[in-house]
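> Mind having a look at this structure? Questions to follow.
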Amino acid sequence: MYKEDILKDGFEQQTLPLKEDYEGKAIATLIRRLSPAKTAKAVLYIHGFNDYFFQKEMALQFNEHQFNFYALDLRKYGRSYMPHQKFNDIRDIRAYFEEITDALRIIHDEGNREVLLLGHSTGGLIITLYAKEYKGSKLFQGIILNSPFFKFNVSPLQKFFIPIAAFLGKFFPRIKVSGGFTEAYGIALHKAYNGEWDYNLLWKPNVAPKVNLGWIRAIYTAQEDLRKNLLITKPILILHADKSLSNTQNELLVKSSDVILNVNDIKELANTIQGDVEVVAVEGGIHDLLLSSKTVREYVYQIIFRWINNLHLKGKS
């Protein structure tokens, strides 16, 4: 079922067929890189908006710590995009639960008994809602959030209009509006500009495509659902940058701040979670902490694996 992935170097992928939706056929893509050492521990990574999985370093870090590494390209993202679809579009965050559950079952069937969910930004929002609604699931044992998208980071005037846009999204889901994604972030990341990373700019462009009102409704509804009796029964680690930045003219600050989300919004919701929660602010981190400068992301990995070790995951190695 697996074939060689575009990343090569031991990465494999398989296509997950999904139920048809309002645009027709849909698929997701499960990518894996197995640990050289025999292990029953695994992590499943869920990317963010305007994104897909390309981070070899992340997989190798988990492999070195004797974890089998898996990642999903969600429907309408990256490897899973199909020509009849609009990139990134969704009308209900819970639709993603289909591919997440399918992937977790495959991971379990492949002999993994201790599985962590790792989500960045919108991926963090998705797996938080998933963990809230699947409290009794035995398919995963813990959650790691990398700058989760708990709230829109927009001006006070725009915040007033977000609920209105979400309401209109129920009736006019295809109307497009600006995504509000700063180009400075992508320029700071990609090696063709001022960054360190190489990835497909068609799948992760510097300027995100406009979003539909239906997408705004899906995100807003999920965020509001998290504000109601947020009980997570699995241990959860929440990581975010130590500061946010709205003025993106200073390149040095762009490379050491979250220019996408307001970290105070992350902290605010994190403090409402009932359960075993650890929250860490990372000095000098950017929005995707694992794409920060080398010294910063090395520190982030230290935090992650210290936290994992404290969970006493006992997959045999």
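The values are calculated or read from the model by the stated rules, or taken from the named source; none is laboratory data. Being a predicted model, the structure only gives us computed values, none of them experimental. So basically every Cβ, Gly included, is an ideal-geometry build from the backbone, and we count neighbours across all protein chains shown. Note: accessible area is taken over every heavy atom of the protein model, side chains too, but ligands, DNA and RNA are not part of it. Shrake-Rupley method; radii C 1.70, N 1.55, O 1.52, S 1.80 Å.
> Give the residues of region 126-136 that are open to solvent by 50 Å² or more (accessible area, probe 1.4 Å) and part of a helix (DSSP H, G or I), sorted by residue number. Working first, answer last.
Let us first name the residues in region 126-136 that are open to solvent by 50 Å² or more (accessible area, probe 1.4 Å), namely 133-136.
Of everything in region 126-136, just one residue is open to solvent by 50 Å² or more (accessible area, probe 1.4 Å) and part of a helix (DSSP H, G or I), namely 133.
> Next question. Quick check on residue 5: is it in contact (Cβ under 8 Å) with a residue 24 or more places away in the chain and at positive phi? Walk me through how you get there before you give the answer.
Values: in contact (Cβ under 8 Å) with a residue 24 or more places away in the chain: yes; at positive phi: no.
No, not satisfied.
Per-residue answers, yes or no, for (1) acidic (Asp, Glu); (2) at positive phi; (3) out of contact with any Phe, Trp or Tyr (no Cβ under 9 Å at 6 or more places or on another chain):
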residue	(1), (2), (3)
198	yes, no, no
204	no, no, no
210	no, no, yes
223	no, no, no
226	no, no, no
241	no, no, yes
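> Follow-up. Determine whether region 154-165 contains at least one residue that is assigned to a loop (DSSP other than H, G, I, E, B) and open to solvent by 10 Å² or more (accessible area, probe 1.4 Å). Break it down into steps so the answer makes sense when it comes.
Just the residues of region 154-165 that are assigned to a loop (DSSP other than H, G, I, E, B), to begin with: 154-155.
From the residues that got through so far, the ones that are open to solvent by 10 Å² or more (accessible area, probe 1.4 Å) too are 154-155.
Scanning region 154-165, I find at least one residue that is assigned to a loop (DSSP other than H, G, I, E, B) and open to solvent by 10 Å² or more (accessible area, probe 1.4 Å), so the answer is yes.
> Right, here's the next one. Does residue 65 satisfy being crowded, with 22+ Cβ neighbours inside 10 Å and closer than 16 Å to residue 118 by Cβ?
On the way: crowded, with 22+ Cβ neighbours inside 10 Å: no; closer than 16 Å to residue 118 by Cβ: yes.
Answer is no for this residue.
> In region 137-153, what count of residues is obtained for those that are in a loop (DSSP other than H, G, I, E, B) and either hydrophobic (A, V, I, L, M, F, W, C) or at positive phi (or both)? Walk me through how you get there before you give the answer.
Kept after step one, since they are in a loop (DSSP other than H, G, I, E, B), are these residues of region 137-153: 137-141, 147-153.
Narrowing the set further to residues that are either hydrophobic (A, V, I, L, M, F, W, C) or at positive phi (or both) leaves 139-140, 147, 149-150, 152.
Residues flagged as in a loop (DSSP other than H, G, I, E, B) and either hydrophobic (A, V, I, L, M, F, W, C) or at positive phi (or both) within region 137-153 amount to 6.
> Separate question: Please work out which residue is modelled with the highest pLDDT, limiting yourself to region 174-195 and to residues that are among the aromatic types (Phe, Trp, Tyr) and open to solvent by 20 Å² or more (accessible area, probe 1.4 Å).
Our first condition is that a residue be among the aromatic types (Phe, Trp, Tyr); within region 174-195, this holds for 181, 185, 193.
Checking which are open to solvent by 20 Å² or more (accessible area, probe 1.4 Å) leaves us with 181, 193.
Working: 181: 76, 193: 94.
Taking the candidates together, the pick is 193.
> Given the residues 123, 119, which is the only one that is open to solvent by less than 10 Å² (accessible area, probe 1.4 Å) and in a helix (DSSP H, G or I)?
Details: 119 fails: in a helix (DSSP H, G or I).
Just a single option satisfies the conditions, and that option is 123.
> Next question, about the same structure. Could you tell me whether region 295-312 includes any residue that is free of Cβ contacts under 8 Å to residues at least 60 places away in the same chain, part of a loop (DSSP other than H, G, I, E, B) and over 18 Å from the mean Cα position of the chain (by Cα)?
yes
> Turning to a different aspect of this structure: Taking residue 66 and the conditions (1) closer than 25 Å to residue 197 by Cβ; (2) assigned to a loop (DSSP other than H, G, I, E, B); (3) of a type outside the set (Val, Ile, Thr); (4) touching a residue at least 40 places away in the same chain (Cβ under 8 Å), which numbered condition does it fall short on, given that it satisfies the others?
Going through the list (1) closer than 25 Å to residue 197 by Cβ; (2) assigned to a loop (DSSP other than H, G, I, E, B); (3) of a type outside the set (Val, Ile, Thr); (4) touching a residue at least 40 places away in the same chain (Cβ under 8 Å), residue 66 breaks only (1).
> Quickly run through region 184-235 and pick out the residues that are more than 19 Å from the chain's Cα centre (by Cα) and among the acidic types (Asp, Glu).
Correct list: 196 only.
> Being over 17 Å from residue 75 (Cβ atoms), in contact with an Asp or Glu (Cβ under 8 Å, 6 or more places away or on another chain) and in contact (Cβ under 8 Å) with a residue 24 or more places away in the chain is the filter here, so list the residues in region 191-215 that pass it.
194, 207, listed by residue number.
> Hey, another quick one. Go through 55, 61, 66 for me and flag whichever is more than 19 Å from the chain's Cα centre (by Cα) and more than 24 Å from residue 152 (Cβ to Cβ). It would help to see each step written out before you state the result.
Details: 55 fails: more than 19 Å from the chain's Cα centre (by Cα); 61 fails: more than 19 Å from the chain's Cα centre (by Cα).
Checking each option against the conditions leaves just 66.
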